[in-house]
Structure formats: C-alpha cells, structure tokens
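The values are calculated or read from the model by the stated rules, or taken from the named source; none is laboratory data. The structure displayed is predicted, hence computed values, not measured ones. Virtual Cβ from ideal backbone geometry, glycine too; neighbours counted across all protein chains shown.
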C-alpha cells in the first residue's frame, strides 16, 4: 500500500528532522520538530494505527513540544546562544560522529533490506485491540508507567524549584 | 564438647576484652591473658590425661549445621592438632604479655583482634569439615589485617594490603578446590558432604585430583610461605607489631604446614606423590634463597622474617619426603620454628622499644648494656642455625634424615642451607650485640615481664632439644596414618 | 516500486533515529541534546508501530504508548535538571558539567 | 662411677656460672670454673682406673633417650673405651691446667664469669664428643665445640676483627659439619642406626673393600674432620682464631676442637679401612697440610700465629699417620702434642702479658734474663715441638709417624719425604720463634711477671712434655709399647711392610739430623748472622714468597673470590628480592591500566554516547560479518 502519501510524509519527516538538527536557533529547531512529529503521525496513520497517530499529535507534538517551547521561552535564550551554537558546530566537530552514525545507518539499512518478502498490505490494528492488550496482559506495565509518570512529576517538582541558592551536594563547586 | 569450648572461650573473651577495653586497658589485657592461659591449661590437661585407647582421635564433636548442603560443625582433635593448639595458646599468651607496654592505643580492639585471630587459628587446627575450615581460614585473615594495618610500623598499610591480597588469592583457590572436591565426591557417590572423613578416599580421575590438589597446595604454599609466594611475608612481619609478628611467624605460617599434612597429603596421596619432587625442590630453593635474602637484610625484623622463609623450606622438604622420620621432623620444625622465631621477634621488639630503630647498622655492641638480652638472643640465634641441644636441631636433622631417603641431591643442597643459616644467624649477633658500641646507650636490660617471657621460651626450646620424645610420641599416630 | 511496507517504515525509522543520534553527538547545547533524544524516541516508537502493523498484533502499539509515557516523564525531569544546571553553571554547555571525570 | 658425670660436671658448672654471672664473686667463679674441670678430671681418672682394672671392652652408660622416630633411635649414651680414656684424660687434665692458668691470665677481665662459663661449656662439649656412643651425640659435641669456639674467639666482642675471626671459625667448620651430616644420613640409610659400635660391626658385612658408597661416606666424614682439625682445604680459620684470649687458643689447639677430627677418624677407622681411596686422601691431605703450614709458620711475625700454623702442621702429621693406617701413632702424637702445644701457648701467653699484650715477634727479644722461668719451659716446649732426639716426647711420637709413613701398609716414599721436610721446617720455625723472643737485644720492657697460678701449670706441662714420650719407644730404642697396647682393643696395630731395623735407624737419624739442622739454620738466621740473613731475605722474589706464605698461601683470598664475595655480592644485589619485583610490577601494571581507563571517564556526556555508538557499530558489524558474509 506504499503510496505517494507515505513517500510525501516520509520525505517531510526526514527533511524536517534534518532542519531540526542543523538549526542554530533552538526555537526554529523546535518548530521543525513539531513538523517532523506531525509527519510521523501521518505515517503512523498510514500504518493502520490511527489511535497512535492521534496520540502522537496530541501528546508529542502537542504537550511535550509545547512544554519544551515554553521552557525555552522561559530561559529567554536569544541571539547569543544561536551565535554560540554556530561557533560550536564546526565541521571538525561533526564530521567524525556523522560518519560513524552513517555507518550505523548503513548497517541498519543493510539489515532491514534483508527482508525480501513481496509487498503486502499493512494490517490494521484497531484501538480496541490495543486497549484490550494494554489492560489485559500489560496491566503491570501500565501500573509501572503510571508510577514512572508520578516519579517524573515529583522529580520535576523537586528539581525545578529554587527557593534558595543551595547547591546539591553532588554539584558543589569544590574540586573533586 | 571440650573442643567447642576452646573456640568459644576465645570468642567470648575477644568480645569481652573489647567491651572492657573501653573502660580499662589493664582489664582488657588480663582478660586476654587469662583466657589464653585457661585454654593452655585445658590443652595441657588434655595432653596429660587424654582418653587412652580411643585410637587416633582423642575427641570428636559433631553437630549438623546446614545438613542440606552437607555442612556440619565437626571438630576433632588428634595428636597433631593438640600440639598445634598448645603452641597456639602458649605463643598467644606470650604475645599478650609482650604487648603489655607496647600497645597503648585502642587496647580493647587490639586484644579483640588478637584473640579473634587465635580463635580462627584454633578453629583451623580443629575443624574436620572443609566448609568450616575455609570459614576459619578466612576468619584469621581479617583481624590479622587490622593488627598489621592499625598497630604496625611505618609502611603498615602497604604490608597489610599485600598480606591480605596474597592470602586471599590463595584462599580463593582453595575454595575452588574445596567446591571441586565437593562436587566430584557428589558425582561419584551421590552424597553431598563437606566432611573430611567422608571426602577421604574419594575416587577421582588423576588429572582432576592433580588440579584439586594444586588448589589446596597453592593456598598452603602461600601461607607457608614457599618461594615464589613468599614476598608478602617480609613486609607483613616487618611492619606488624611484635605480637603480630609472633602470631604470624609462630602460628599463621603453621596453618599452611598443617594444611599440607592434614589435607593435601591424605586427600590426594597419589597426586601429592607425583608432585613431590617439585615441592621438595621449592622447599630447597626456599631454604637457600630465603637464607641468602636474610643475609642481605639490614632491618632486624626483616632479617628474621626471611629466616622464616628458609626454615619453612624444611617443612616443605620434609612434608613431601613421604616417610615417617621426615614427618616427625616437620612436626618438630613447626613447633620449634614457632618458638625460636617468635623469640627472635620478641627480642627485636624489645630492642625497638629501647632504641627505636630496627636498622642493625645503627646497633652494635649492645651486649655491654644488655647482657641478658644478648644471651637470650644468642640462644635463639643458635637455635635458628640448628645447634644440637636446641629444638630446631632435632627438627632439621629428622627432616634431612628423612628426605635423604627420598632424594639425595636435594637433601645435600638443603644441608648446605645450614651453612647459609650459620652465616645469617651469626650476622645478627655480630651486628646487634657484638662489635664496637658507637653510641652511649642508657637503657635497662630485660624487665621482669620480659624475663618471664624469655625464660619460658628458653625452657621450651631446650626441653624440645633434649627431650623431644613426648612431642614425637604425640604426633606419632597421626603420622602413621599419613604415611600409610 | 514494489517495496514491502515494513521495510519502508523501518528504513524511515532508522533514518530518523540516526539523524537524532548525529545531533546528540555533535551538539553541545544541552537542550538540543534533549531534543535529539526526543527524535530518537520518536523513531523508536515508529519502528514499534511498523512492527505492530507487520504482525497485526497490538503489542507494538502498546509499546508506543509506553514510550510516549516515558518520553513525557523524561522531558519533565530532564527540563527540571536543565533548569537546575542553568542556574548553577550559568550555561547550557553540557561539557561544562564534566565534574565527574576520573 | 658414671661416665656421664665427666661431661655433666662441666656443663652444670657452665650453667651455674651463666645463671650467677652477676652474683658470684671472682673467687667463687674461679673455684667453680677450675674446680669443675678438676673434679671432672678426677672422675675421669677414677673411671679410667676402673676400666683398666675391669678389663671390659668398654663401659657404656645409657643416660636417657634423646630422639626416637620411625626406626631412628638415639639416646644419650656415653662410652668409655681405651680410645675415649686417652682423649678424656688429655682433655680433662690439660683442660684443668689451662683453666688454672686462665684464672691468672684473665684476672683483670671484667667478664670473668662469662669466660669461664664458655670455657667449661667448651670442655663439656669436647668430652661429649669423645665419649659419645652414637654419631648424633658426637655431632652434638661436635657442634657444641664449634659454638664455644665462636663464643671464645670472639670473647672480646668489641673488636670487629675478633668477631670476624669467630664467625669465620664457626662458618668454615660448619662447612665441614655439613659434609659430616650427610655422612650421617648415608650411614643411617645403610646401617639403620647411628650407634658407632654397631656401625663399625656391620660395616664389614655391608660393604666390600673399596665400595663407592663407603668411599663416599669416608670422604664425607673426612670432610667433617678436615673442617674441625683445620686441614687443607678448610685450614683458613685456625690462624685467625688467635684473636681469642690465649688460654682459649691453648684449649682449642691442645685439648679440644682441632683434635676432634683426629678422634673422629680414629673412631671410625673401620670405615676408612674399607675405603682405601679415602684413606689415601687423608694421608695426602695431611702431608700437604703439614708442609704448607710449615712454610707459613716460618714467616709469621705474630708469636701466636707461628704457633697456630705449627698446630696445623702437627695435625697434618696426625692425619698423615691416620692415612697410613698408623692409628695409634696418630693418637700418640695427639697426646704429646697436647702437652707441648698447651705449654707453648701458655708460655707465649705469659710472654705476651709480660710485654703488655705485645704479640709482634720483632718487638720482642732478649727476654732470657728477664723471664727466667718462662725461658726454660719455653725451651722444653720448643724442643719437644722440634723433636730433639731422645729427651723429648715430641721426638718419639713424631719419629714414629715419620717412620710409619714410609714403612706402613699405607705408606709411601712421598709421604716420608714430606714428613722429613716437615721435620726440618718444624725445627726452623720453632727455634726462629724461640731465638727471636729470648735472644738478641731487649726491645720491650717487661712490666708484669706471671704469678704462680700461671707458672705452676707450665711446669707440670713441661714435665709431661718430656716424660710422656717414654710410654711408647721405637724398636730401635728400647721398644716400649705401653700406649699402642692400651689402644689395641680399639685401634688395630699398624701393619708394617718394610720391617728393617737398618732402615728405621736411617729414618730416625735423618729426621733427627734434619730437626737439628733446622735449629741450626734458625740460630744462624736469628742470632749468629742476623744481618746477612736479612739481606738475603730482602730479595724481591723472596719477599713476595714470604708474603705469600705469611698470608697462608692466599687461601683466604681464593675462598673470598670463589665463595664469599659472590655470595655477599649476590645477596646484596638481591636485597630487595627479585621475586617481589614480579609482584610489584604486576601491581604497577594494574595501576597503569587503571590510569589509562580512568582517563576515559572524562565527564563529557558526548564521549560516553560516542562510546555507546562505537559499541553498537562494533556489535552490528560483528553480527553482519558472522551471519551474512
């Protein structure tokens, strides 16, 4: 069922991600990332997971990205940090890691291409089945995810507040 | 039951002396001394009136501990254990006495450690369960580590670490061998047990037997110590406080020798016989190499430490000679070496208290001031070079006489070791007590307490030299058994 | 072009993941690193969903949900940490936080 | 009477003196020190009389078990037979006289009690040695003697030279002891016992003559004997042993220690008879030693060293006799030698004291008038040592050896010639010493005259040195064989090959003439023409030779280079223990690895991620490699 819709969505996703990783300005990067996530949401839909696509849009592109954007705005990073990024991103710095990652990609591609099955339709898994699985065999994992979120909330609250300027004992300024 | 009591007395005395030591130093010392004397009394009593006609094992005590894995609390005493225990409590009491003035910091903890080491040693000499043996084997290690590391001389931490690493490495090999033996025995008989008597005569394949035997042997060789595993010894002996040196040289080394006699030879007779020439060669190398190193040292305690390497070479030589005369010599050597080397360490310690150096180049002419200490040193120096009339001679002569039957060449080389022993032993007298006296020392000769210690040692070493028969008779039965 | 949908989806996921990886390796700004982690997580989620559609079972999508939950938690805690770091070190340079070198 | 009392009394007195070193007064020490040896001598005489009257082979006393282990059994068994009686007699009597002398000689010594304790221990050990019924007990005495020699040679411990000499004596003799210990192991291996009578009895059944095993045993025993008796190649310790007080030298040289080797060989003569090669070796060693030591004695400048080398030389005679199978001749020479050598040492000691501890011969001279009494006893001693015919004991004993070295079954012309050369040398060095001390100009003032306690023993010994010879006279001169008859139960008579009276006369005459001409040369050298002789002796070649002789043929140097220096060098090099380096370098390697790996923990987050990526690439590469390629 690989059709033009998939190719377009995939191309947008890849291009947007490339834009994400090459921007100097964090805000631009975030916006491109939202685009990328939306494109991925389309892909998800095409792969017969409409509920996941919806979640991707709502939670990822919606909630998480908005959180990041607000955070960046709160820190008020302006031009200076963009300049700083420009300084840091020299070919000397990025060439070797990029090569290494491209080797890794090559290996991944090689492995994925070992699949020589003829083209077939994607199977649609409806949200109902997902729900059944989630609260059937995976109920324990759901509980754990709940706890994780709880821990995330508590942790974020604890770490985020700054009433007085006390250093955490691990971050104290004396030399180790 | 009496065997368990021996261990428990030391265990509770250790705890008690720690607790009491917080309030009163003297109390802690007296508790340690009394508990050791009590044990010595019990052992002597056992020696004199042990139940006749019970065969080789005088006492046995056995309670299941972890029956699921075949671990039991199995203690037994025969002549060999008895002799070793008597030596343990005798030297233990002396080392409490010798620390009376020397140790002034953390007295309670010191005596706790000292008694705990002795408790572990007692366990090693008594236990007949391999799991328990390993337990006690490790138990003597840690308090000894503290004894060296806390109350030692300048480089105490280095020495303590080295001691710990060496013996621990050897101990782990032994643990592997014990487990190997356990499973081999189980595979062959379907009985899972750590019991010594059950494990005797385990049928096994010769290659397996060799590896298991090597596991045990290496642990004991490290402890003994034999060249090339000896290098922890000079550091540990030199840096330890006097009591630590006495316990190390007099007792800890003996656990290695005891292990060879008790475990390596009876458990793996064929494999041990195969390796005998190599082991004897190591013994001879130890005798000569240790002697040569001793000759070169300038640190008094280090010199004595290396003489231990040399003397323990005789133990190794005799243990693998496989005949009764040599075994008797080995048992004698274990005891007499404990006495004579212990005495030399005590003298070195007493000297250190007076002139605050261990460097023999800075000594000389001390006879003038310390004639009594000099005479005592002379006696033990002569013991260490094997003068007839003192215990070491009987031991060394029997070892050599026995090993001659096994291997001529090695015995000749070992006998040459006696000349080397003469050279290094006389060097002690020469550098410390004789020669010109450069400095004007003003120091007291042996105090009453030291005199008591030294006289006790002198009496024992002379007694062993002139009338060793009680000791030989006591170890007789055990040796009959090993030889067979 | 007759490409198996699973292959195509996996290739897309792989490309996105590697792009995120490149970014995390070359960037020094810690917010960018967090961003890159999001990209990689997203790619991994995509791979799960593709696999789910390949086998026709719900497990992959369940995993996607877990990844989503984890990403949310990670971002919240991560942002709090970044905030703390920014206050302590007055910079977002991750190399400045190299106190734990050996 | 118990034979055990004889060694026990000195031991007990030594113990008493050691324990009471602070509390006992000087007089008490003297009484205990000398009295114990006197008492011991008295007991010895009583037992000897009992033994002579009893007519048994031996009196054996079992004084307790010592070691019994696995078929090996020894006890404190003491044995008095003809040979022991001779040795015990000489040791106790001469020892007693030396003790009495020492009480005078050492009376200013602060460590008086220690001195007598060691002396008594020495005598006790020697008595144990000669009375032992088994070889282990003999070894006990043997080593005890070594210990006491160490203690006494180094008695004045403040001087490092004395310590060096003491140490040397102990270590060199210990080398010999080692050989002897191995002989003991072999004997036990083959005979299953260390009891001397049993060994001697069974040896003839076990070994045939010339069996390599018995040859080895005999050679090893000889090694022990050579060490204690200061024969080639272990003779180097004795001249240095002069560092001790003079009574000690007298005791070592006359009564104890150096004669132990002679005793050992005489005691185990059966074994040596079974091993002709070893016996010839004994004779060769004796012959060479007596000549070499004679030359060394000739050029010494220290009065005590001349006597020391003369002892080595005279013991060489004894070994020669033993090697030739003339057992009783050797023992006879031991007896006479004990008397005159003790006499000479103590007289020399008196001279040394008189000249305020001056030992250099060339600073003495002209003492004839000053020290009348000593002059005469010294003359008697020298005459006996130089074997002046007919009137001295030395003549009879030495002459017997010279004759038997030619005529006995084991004899040889070469041995005879060596013995004759030795006789000439003995005459020369003895009287060179004598003339240098008593004739010529007075060079050092006499400040102290020996008292009675020193002189009386000298007179007694002078008497003994003269009359002791008459108990054994050669065929040609009266033929008295009291001594060899006495020893006959223990030591077989010598088998003489060339029993010709004429030849014996020739030999005797020759030796007498050589001894006298030696004296003549010495007279010419020292008294008559000192100037001419010294010009001759100053020639460079001779000067070197004199130095060479006086250093004892440079044996010390040889041993130092061959054995001592390498050992000391090696042990110094290895002081830090090479094997320890192995372990410390292992530790250092670990440390290095730690340092290298620790650097990877940079704290830079991106480096860690890079590591993860590298790992992933590597794992995937390996996977692909293994599965698809």
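When the range D:438-454 is examined, which residues are found to be in contact with a helix residue (DSSP H, G or I) (Cβ under 6 Å, 6 or more places away or on another chain) and in a helix (DSSP H, G or I)?
Residues satisfying the conditions are D:438, D:453, D:454.
State whether the residues of the range D:54-66 include one that is in a helix (DSSP H, G or I), surrounded by fewer than 15 Cβ atoms within 10 Å (Cβ to Cβ) and at pLDDT below 85. Don't jump to the end; show me each part of the working.
Going through the range D:54-66, the residues in a helix (DSSP H, G or I) turn out to be D:54.
Next, from what is left, pick out any that are surrounded by fewer than 15 Cβ atoms within 10 Å (Cβ to Cβ): D:54.
Next cut, at pLDDT below 85 only: D:54.
Within the range D:54-66 (the criterion being in a helix (DSSP H, G or I), surrounded by fewer than 15 Cβ atoms within 10 Å (Cβ to Cβ) and at pLDDT below 85), the answer is yes, since at least one residue qualifies.
Being within 7 Å of chain C (Cβ to nearest Cβ), assigned to a helix (DSSP H, G or I) and in contact (Cβ under 8 Å) with a residue 40 or more places away in the chain is the filter here, so list the residues in the range A:1-29 that pass it.
Passing the criteria: A:6, A:26.
I'd like the full set of residues that are assigned to a helix (DSSP H, G or I) and touching a residue at least 60 places away in the same chain (Cβ under 8 Å), limited to the range B:134-157.
B:137, B:144, B:147, B:148, B:151, B:156
If you take just the helices (runs of 4 or more DSSP H) that sit entirely in the range D:191-265, which of them hold at least 2 residues that are farther than 19 Å from residue D:84 by Cβ and over 25 Å from the mean Cα position of the chain (by Cα)?
D:196-206, D:212-228
Quick one: how many residues across the range D:489-498 are surrounded by fewer than 16 Cβ atoms within 10 Å (Cβ to Cβ) and modelled with pLDDT under 75?
At the first step, the residues of the range D:489-498 found to be surrounded by fewer than 16 Cβ atoms within 10 Å (Cβ to Cβ) are D:489, D:492-493, D:495, D:497-498.
So of that shortlist, the ones also modelled with pLDDT under 75 come out as D:495, D:497-498.
Of the residues in that region, 3 qualify.
Would you pick out the residues in the range B:367-392 that are under 19 Å from residue B:288 (Cα atoms), within 8 Å of chain D (Cβ to nearest Cβ) and not in a loop (DSSP other than H, G, I, E, B)?
Matches in the range B:367-392: B:382 only.
Kindly indicate whether any position in the range A:48-64 is within 30 Å of residue A:125 (Cβ to Cβ), at pLDDT below 90 and in a loop (DSSP other than H, G, I, E, B).
The answer is yes; a qualifying residue exists.
Every residue, every condition in (1) free of Cβ contacts under 8 Å to residues at least 60 places away in the same chain; (2) under 30 Å from residue B:105 (Cβ atoms), yes or no:
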| residue | (1), (2) |
| --- | --- |
| B:7 | no, yes |
| B:20 | no, yes |
| B:27 | yes, yes |
| B:31 | no, yes |
| B:34 | yes, yes |
| B:86 | yes, no |
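Mind listing just one residue for me: the one in the range C:75-101 that is more than 7 Å from chain A (Cβ to nearest Cβ) and assigned to a helix (DSSP H, G or I) and, of those, farthest from the chain's Cα centre (by Cα)?
The extreme case among them is C:89.
Which of the residues belonging to the range D:406-415 are in a helix (DSSP H, G or I) and surrounded by 23 or more Cβ atoms within 10 Å (Cβ to Cβ)?
D:406, D:415
Out of the helices (runs of 4 or more DSSP H) lying entirely within the range D:526-629, which hold 2 or more residues that are within 13 Å of another protein chain (Cβ to nearest Cβ)?
D:565-573, D:578-600, D:605-628
I'd like the full set of residues that are out of contact with any helix residue (DSSP H, G or I) (no Cβ under 8 Å at 6 or more places or on another chain) and more than 7 Å from every other protein chain (Cβ to nearest Cβ), limited to the range A:82-105.
Step one: list which residues in the range A:82-105 are out of contact with any helix residue (DSSP H, G or I) (no Cβ under 8 Å at 6 or more places or on another chain), which gives A:83-84, A:86-88, A:90-92, A:95-96, A:99.
Result: A:83, A:84, A:86, A:87, A:90, A:91, A:92, A:95, A:96, A:99.
Of everything in the range C:18-42, what is out of contact with any strand residue (DSSP E or B) (no Cβ under 9 Å at 6 or more places or on another chain), at the interface with chain A (Cβ under 8 Å from one of its Cβ atoms) and closer than 19 Å to residue A:100 by Cβ? Give them in sequence order.
Result: C:18, C:19, C:20, C:21, C:22, C:23, C:25, C:26, C:27, C:32, C:36, C:39.
Within the range D:512-530, does at least one residue satisfy the condition of being within 30 Å of residue D:197 (Cβ to Cβ), surrounded by 14 or more Cβ atoms within 10 Å (Cβ to Cβ) and either in the same structural domain as residue D:384 (by TED's automatic domain parsing) or in contact (Cβ under 8 Å) with a residue 40 or more places away in the chain (or both)? It would help to see each step written out before you state the result.
Let us first name the residues in the range D:512-530 that are within 30 Å of residue D:197 (Cβ to Cβ), namely none.
The answer is no, given that none of the residues of the range D:512-530 is within 30 Å of residue D:197 (Cβ to Cβ), surrounded by 14 or more Cβ atoms within 10 Å (Cβ to Cβ) and either in the same structural domain as residue D:384 (by TED's automatic domain parsing) or in contact (Cβ under 8 Å) with a residue 40 or more places away in the chain (or both).
Hey, can you tell me all the residues within the range A:106-128 that are touching a residue at least 24 places away in the same chain (Cβ under 8 Å), surrounded by 15 or more Cβ atoms within 10 Å (Cβ to Cβ) and facing chain C (nearest Cβ under 8 Å)?
Of everything in the range A:106-128, those that are touching a residue at least 24 places away in the same chain (Cβ under 8 Å), surrounded by 15 or more Cβ atoms within 10 Å (Cβ to Cβ) and facing chain C (nearest Cβ under 8 Å) turn out to be A:122, A:125.
Quick one: in the range D:115-150, of everything that is under 21 Å from residue B:375 (Cβ atoms) and facing another protein chain (nearest Cβ under 8 Å), which residue is surrounded by the fewest Cβ atoms within 10 Å (Cβ to Cβ)?
The residue in question is D:147.
To keep it simple, each residue is scored yes or no on (1) surrounded by fewer than 22 Cβ atoms within 10 Å (Cβ to Cβ); (2) over 22 Å from the mean Cα position of the chain (by Cα); (3) outside any strand (DSSP E or B).
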position: B:68; (1), (2), (3): yes, yes, yes
position: B:76; (1), (2), (3): yes, no, no
position: B:80; (1), (2), (3): no, no, yes
position: B:85; (1), (2), (3): no, no, yes
position: B:105; (1), (2), (3): yes, yes, yes
position: B:110; (1), (2), (3): no, no, yes
position: B:115; (1), (2), (3): no, no, yes
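Just to be sure before I move on: is residue D:282 closer than 26 Å to residue D:136 by Cβ and outside the structural domain of residue D:116 (by TED's automatic domain parsing) in the structure I sent?
Yes; evaluated as a whole, the condition is true for this residue.
From the list D:403, D:376, exactly one residue is in contact (Cβ under 8 Å) with a residue 60 or more places away in the chain, surrounded by fewer than 17 Cβ atoms within 10 Å (Cβ to Cβ) and assigned to a helix (DSSP H, G or I). Which is it? Explain how you work it out, then say what you get.
Values: D:403 fails: surrounded by fewer than 17 Cβ atoms within 10 Å (Cβ to Cβ).
Of the residues listed, the single one that is in contact (Cβ under 8 Å) with a residue 60 or more places away in the chain, surrounded by fewer than 17 Cβ atoms within 10 Å (Cβ to Cβ) and assigned to a helix (DSSP H, G or I) is D:376.
In this structure, is residue B:288 touching a residue at least 24 places away in the same chain (Cβ under 8 Å), more than 16 Å from the chain's Cα centre (by Cα) and more than 14 Å from every other protein chain (Cβ to nearest Cβ)?
no
For the range B:180-197, name all the residues that are assigned to a helix (DSSP H, G or I) and in contact (Cβ under 8 Å) with a residue 24 or more places away in the chain.
B:180, B:181, B:182, B:184, B:196, B:197
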